[in-house]
Amino acid sequence: MKYITSLFSLAVVVVAVLWTQTVTKTGTNTGTRTGNKMETSRDVVTTTVPAPVAASVDKGAKWLASVQGADGGWGQDGSGTSYNRPDDRQESKGNDVANTAVAALALLRAGKQYQPNVDRALDFILQRVEASPADGLQITEVPGMQTQIQRKLGPYIDTFLASMLLSQVDGTLAKAALNTRVRKGLEKCVAKIERNQKGDGSWNIEGGWAPVLGTSLASRSLYEAQKKGVKVESEVLASADNYTVKALERSEMRPGVGTGSGAAAGDGAGRGGSSATALATPGRYEAATVSESAGVDLYQSAQALEQLSRTPADRRKNAKEIDSIRAKLGDAKFVEGYGSIGGEEFFSYLNVSDGLKRAGGEEWKLWHSKITEKILKLQNSDGTWAGHHCITGRVAVTSAAILNLTVNRAN
């Protein structure tokens with residue numbers, strides 16, 4: 001009997017090890033109060049990653065690595081036309097900065113085995129940053145909305161995502177010369193972003209389906225660079241916060257926002273004269289401005305939650321706005337966003353996760369559990385994720401899915 005009991009105990013331990021992979025605990029556990037909620041000031045909560053999640057991430061990461069181009073870049077569906085799906089319109093030919101940056105961010109999270117892929121991606125991006133003019137926001141050769149992700153999140157998403165990646169790797173690379181190169185590239189991107197902020201505090205420049213998500217990434221890239229010691233003007237970040245709070249106030253007064261129907265809110269059609277409905281029609285990807293968040297409450301609320309919750313002081317100051325957004329997360333219609341899953345939904349889920357994770361608690365655990373389950377169910381048999389509207393490309397959506405599933409690995 002004693003022998004049988006020992007075997008049973010061993011089996012329980014083995015199953016537990018196979019089911020979970022422990023994530024390193026970081027941060028402190030000092031409490032602060034936001035609204036009526038007690039929260040911690042740590043940026044990463046202690047948790048475990050279920051083995052099915054790890055397997056899903058690994059499968060997606062392997063696909064990303066397999067479709068990286070010889071030049072280190074990625075395009076919408078991979079690095080070559082042979083990867084393109086015939087039933088999905090491609091916005092451009094060749095590899096681009098935005099898809100390359102988000103893929104590299106995902107592979108950074110997926111594991112150290114992908115560092116060679118990240119290094120090649122860095123070279124691809126840095127070549128373009130270094131060749132770009134000092135003035136203006138663009139770092140690509142042809143300014144304007146050329147790729148699918150630019151048409152949806154704004155023409156300068158390349159700059160914002162490149163800056164995000166450079167902030168993440170700054171000071172972490174094995175070669176001193178590459179670290180120096182990364183820091184110079186990062187400082188150049190930061191200067192571009194700072195100088196080209198709009199008067200209202202946003203970077204909603206020259207259109208896009210959901211440019212508020214572009215503004216989110218612009219602000220986040222400055223915040224991440226600042227954490228790495230890059231000088232960022234406090235007025236720029238403060239102006240971005242003011243814009244976000246005012247945009248939330250406007251959205252509460254706009255009828256139809258948050259309906260999940262995709263109908264445009266506010267002034268409707270923009271530069272391209274296209275309505276939100278036209279933009280969502282399969283096969284149609286016109287360049288247009290369709291209000292700040294394409295009439296989708298999820299996009300703007302997720303952006304605001306991440307931006308207004310970055311520090312304990314931010315969470316105290318913006319408690320009212322944060323609590324209002326948190327209250328929406330139990331509404332399935334709100335979480336669905338546009339009503340079908342596109343890249344915008346995946347990026348929005350990531351913003352929500354980053355915002356909630358900082359405070360921790362049961363609310364964060366419940367959200368993370370539900371959104372993880374949702375994302376796992378959407379994975380394709382080849383390891384990819386693909387959007388069903390707007391940002392449909394497998395590279396961007398797969399990368400965003402991996403970032404969502406590995407959010408507890410962020411520091």
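The values are calculated or read from the model by the stated rules, or taken from the named source; none is laboratory data. Because the structure is a prediction, the values reported are computed rather than measured. Cβ: placed from backbone, ideal geometry, glycine included. Neighbour counts: every protein chain shown.
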Determine whether Lys175 is surrounded by fewer than 22 Cβ atoms within 10 Å (Cβ to Cβ) and modelled with pLDDT of 95 or more.
no
Scan the range 369-401 residue by residue and report those that are part of a helix (DSSP H, G or I), touching a residue at least 40 places away in the same chain (Cβ under 8 Å) and more than 21 Å from Ala104 (Cβ to Cβ).
Thr372, Leu376
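Here is a yes/no grid of residues against (1) among the aliphatic types (A, V, I, L, M); (2) touching a Lys or Arg at 6+ places or on another chain (Cβ under 6 Å); (3) farther than 28 Å from Glu321 by Cβ:
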{"residue": "Ile139", "(1), (2), (3)": "yes, yes, yes"}
{"residue": "Arg151", "(1), (2), (3)": "no, no, yes"}
{"residue": "Ile157", "(1), (2), (3)": "yes, no, no"}
{"residue": "Gly171", "(1), (2), (3)": "no, no, yes"}
{"residue": "Thr180", "(1), (2), (3)": "no, no, yes"}
{"residue": "Gln197", "(1), (2), (3)": "no, no, no"}
{"residue": "Asn204", "(1), (2), (3)": "no, no, no"}
{"residue": "Pro211", "(1), (2), (3)": "no, no, no"}
{"residue": "Arg220", "(1), (2), (3)": "no, no, no"}
Positions within the range 325-341 being in contact with a helix residue (DSSP H, G or I) (Cβ under 8 Å, 6 or more places away or on another chain) and either farther than 23 Å from Pro211 by Cα or buried (at least 16 other Cβ atoms within 10 Å of the Cβ) (or both), in sequence order:
Ile325, Arg326, Lys328, Leu329, Phe334, Val335, Gly337, Tyr338
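Grab the helices (runs of 4 or more DSSP H) fully contained in the range 103-201, keeping just those with 1 or more residues being basic (Lys, Arg) and either closer than 23 Å to Gly229 by Cβ or without any contact (Cβ under 8 Å) to a residue 40 or more places away in the chain (or both). Can you show your working first?
Working: elements: 115-131, 148-153, 157-169, 176-195.
Result: 115-131, 176-195.
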Within the range 204-239, can you find the residues that are in contact with a Leu (Cβ under 8 Å, 6 or more places away or on another chain) and closer than 20 Å to Leu298 by Cβ?
Gly208, Trp209, Ala210, Pro211, Leu213, Gly214, Leu217, Ser219
